[in-house]
Every structure is written in structure tokens, then in C-alpha cells.
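A.B. asks: The structure follows.
The values are calculated or read from the model by the stated rules, or taken from the named source; none is laboratory data. Treat the numbers as computed from the prediction; the structure is a model and nothing was measured. Heads up, the Cβs are rebuilt from the backbone with ideal geometry, glycines too, and the neighbour counts pull from every protein chain shown. To get the accessible areas, we keep the full protein, side chains included, count just its heavy atoms, and leave off ligands, DNA and RNA. Shrake-Rupley method; radii C 1.70, N 1.55, O 1.52, S 1.80 Å.
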Amino acid sequence: MLSLRSLAPLAFALVLGLPAVSHAQSFNDTQKSEIQKIIKDYLIANPELLEEMSAELQKRQAAAESEKHRAAVQKNAEVIFNSPRGVVVGNRDGDVNFVEFFDYNCGYCKHAMADMLTLMKSDSKLRVVLKEFPVLGPSSVEAAQVAVAVRMQDPSGKKYLDFHQKLLNGRGQADKARAMAAAKEAGLDMAKLEKDMASPEVNATLNENFKLAEEMGLNGTPSYVIGKDVVVGAVGAAGLAKKISEARCGKATC
């Protein structure tokens with residue numbers, strides 16, 4: 001007699017009309033029809049199993065994606081965390097790396113900036129690295145080019161952070177004009193800024209960031225690398241704090 005347990009390897013292949021990859025025995029057409037009816041009746045009687053299966057599938061896919069991200073982070077760790085083209089605005093000697101990829105025209109990045117500032121204020125051991133990732137069009141690229149030039153004349157990151165906040169908090173689309181205005185307001189040397197914007201270093205920085213993003217499968221902003229993990233999207237200060245704690249002591253709360 002056919003049982004559900006014995007049919008498990010072929011169940012959904014048969015229900016969906018897919019060929020079985022491997023099985024212990026061959027079934028004739030009559031048996032296949034019987035199997036399909038057993039599975040169909042069982043699922044109709046227990047529809048909650050579909051939710052359980054979907055949840056398990058998502059869990060496994062998330063775990064696989066996480067492992068893929070971790071491998072990419074490990075492979076590119078030196079550039080992600082220590083490239084001179086990143087802007088360090090947190091504790092340079094901090095015990096946890098918090099790297100953000102952002103776009104000045106990303107609405108979610110405005111909220112993400114507030115989250116970052118909150119975390120920096122509450123966690124003195126956090127090492128924050130900012131990376132321009134202009135994915136939202138030409139105006140975003142213009143703003144990012146100005147930002148790189150700001151970094152070039154401000155090794156401390158203090159004026160950069162001021163510029164960063166002014167530009168992200170401003171109204172309207174961020175482009176070269178708005179970025180230059182924010183830089184002037186932040187006290188940058190405008191003549192030097194114009195000169196630095198023509199440097200090959202600007203495109204080299206953006207190309208480095210795009211290559212890193214591609215390696216890790218990032219295609220939107222904000223995206224983060226926190227410790228060994230990748231976090232995609234504006235998950236909020238609490239969600240970020242949890243990841244920081246996991247990186248620091250292996251659990252959600254240290």
C-alpha cells in the first residue's frame with residue numbers, strides 16, 4: 001500500500017507534473033494518479049503545511065544568501081573596511097565595523113543617516129565607514145563626485161560628516177549644484193574642491209565602491225556591512241543595533 005511517507009521524494013514532482021530526479025521504484029500511470037490524489041487530498045485537508053513549507057524555504061534561502069554575503073565580505077574585507085577611499089566618521093579604533101553604502105537621492109538614506117547618528121552617539125566603540133554608491137541616476141553621480149572631493153581635502157572626516165548631513169537633509173534632488181552649496185556651507189575650500197573633482201581619484205573611488213557592491217550582490221541603498229554580515233535596506237536603529245551586538249559578542253544584546 002502506498003503511504004505519504006514513502007511518496008515524499010516524488011510528491012510535488014508528480015503533483016506539478018515535473019519529472020522525478022531519482023526514486024527507489026518506478027510508478028505506472030495508475031499509481032501516479034493515485035499518488036497525485038493522495039497528495040492533493042492531504043494538502044487540501046492540511047493547507048497549513050503550505051505555509052510551513054514556504055517559511056522553511058524562505059529560511060533556507062536566507063541562510064544561503066547570508067553565507068554568500070559572508071564569503072564576499074571575507075574575500076573583500078581589506079577594501080571594505082580599510083580602503084583609504086572610505087570615509088571613517090566613527091571611532092577609528094572601534095571594535096565593530098559599520099559600513100554604509102548610500103545614495104544622496106535615496107529617501108530611505110535620510111532615515112538611515114538619523115539611525116547612524118543615533119548609534120554613533122550611543123556606541124563610542126563603533127567604527128563607521130561611509131561609501132558613496134550613486135545608483136539613482138546622473139544627479140546622484142554628480143553629488144557623489146562632489147562628496148569624494150570633500151573627502152579628499154578632509155582626512156579627519158569631520159567636515160565630510162557635516163557636508164553629508166546638510167546634503168541628505170536638504171530638500172529637492174541632490175546634484176552637483178546642491179552638493180557644492182552644501183560643501184561651501186560646511187566650510188570646504190571651493191577652489192580646491194573644483195580641482196579635486198577633476199582628479200582620477202574621484203572615478204576610482206566610485207568604481208571601487210560599485211565593484212564591492214557587485215561582489216556582494218548589493219543593488220540598492222542603504223546597504224550595510226556590519227562585522228561579517230551584510231544588511232540590506234533601512235532596517236531601523238534597533239535592527240542595526242542588534243546586528244552590531246551580534247558582531248561584537250555573538251548575540252542580539254551584549
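A.B. asks: For the full complex of protein chains and a 1.4 angstrom probe, list Ser122, Ser156, Ser223 by accessible area with the highest value first.
C.D. replies: Output order, biggest surface exposure first: Ser122, Ser156, Ser223.
A.B. asks: May I ask you to rank Ser199, Ser140 by accessible area, largest first, using a 1.4 Å probe over the protein chains only?
C.D. replies: Accessible-area ranking of Ser199, Ser140, largest first: Ser199, Ser140.
A.B. asks: Counting only heavy atoms of protein chains, what accessible area per residue, in Å², does the chain have with a probe of 1.4 Å?
C.D. replies: Ligands and nucleic acids excluded, the result is 56 Å² per residue.
A.B. asks: What is the percent carbon and sulfur in the accessible area of the chain, measuring with a 1.4 Å probe over the protein chains and ignoring ligands?
C.D. replies: 53 percent
A.B. asks: Let me ask something additional. Go through [x] 18.6; [y] 93.7; [z] 14.8 and flag the label whose value is the computed mean projected area of the Cα convex hull in nm² for this structure.
C.D. replies: It is the one labelled [x].
A.B. asks: At 7 Å along Cα-to-Cβ for each site, give me the label-to-label distance between Glu34 and Lys228 in nm.
C.D. replies: Taking the two extended label points, one gets 5.1 nm.
A.B. asks: Using only Cα atoms, find the angle between the long axis of helix 107-122 and the longest principal axis of the chain, and express it within 0 to 90 degrees, rounded to the nearest 10.
C.D. replies: 70 degrees
A.B. asks: Now, a different point. Extension gain Ala204-Lys158, at 0.36 nm per residue separation less the Cα-Cα distance, in nm?
C.D. replies: That works out to 14.3 nm of additional length.
A.B. asks: Same structure again: At a Förster distance of 41 Å, what's the computed FRET efficiency of Glu215 paired with Met190, Cβ-Cβ distance as r, to 0.05?
C.D. replies: About 0.70, to the nearest 0.05.
A.B. asks: Got a sec? What order do Met180, Met53, Met216 fall in by accessible area at 1.4 Å, biggest, i.e. largest, first?
C.D. replies: Met53, Met180, Met216
A.B. asks: To continue, here is another question. Would you mind getting me the FRET efficiency between Glu65 and Ala238? Use the beta-carbon distance for r and R0 = 30 Å, nearest 0.05.
C.D. replies: 0.85
A.B. asks: Trypsin sites (Lys or Arg not before Pro) within region 173-254: which are DSSP loop residues with at most 13 other Cβ atoms inside 10 Å?
C.D. replies: Lys251
A.B. asks: Leaving ligands, DNA and RNA out of it, work out the accessible area of Ser124 with a 1.4 Å probe and give it in Å² to the nearest 10.
C.D. replies: Around 90 Å² of this residue is reachable by solvent.
A.B. asks: To the nearest 10 Å², what's Asp162's accessible area with a 1.4 Å probe?
C.D. replies: That residue has around 50 Å² of solvent-accessible surface.
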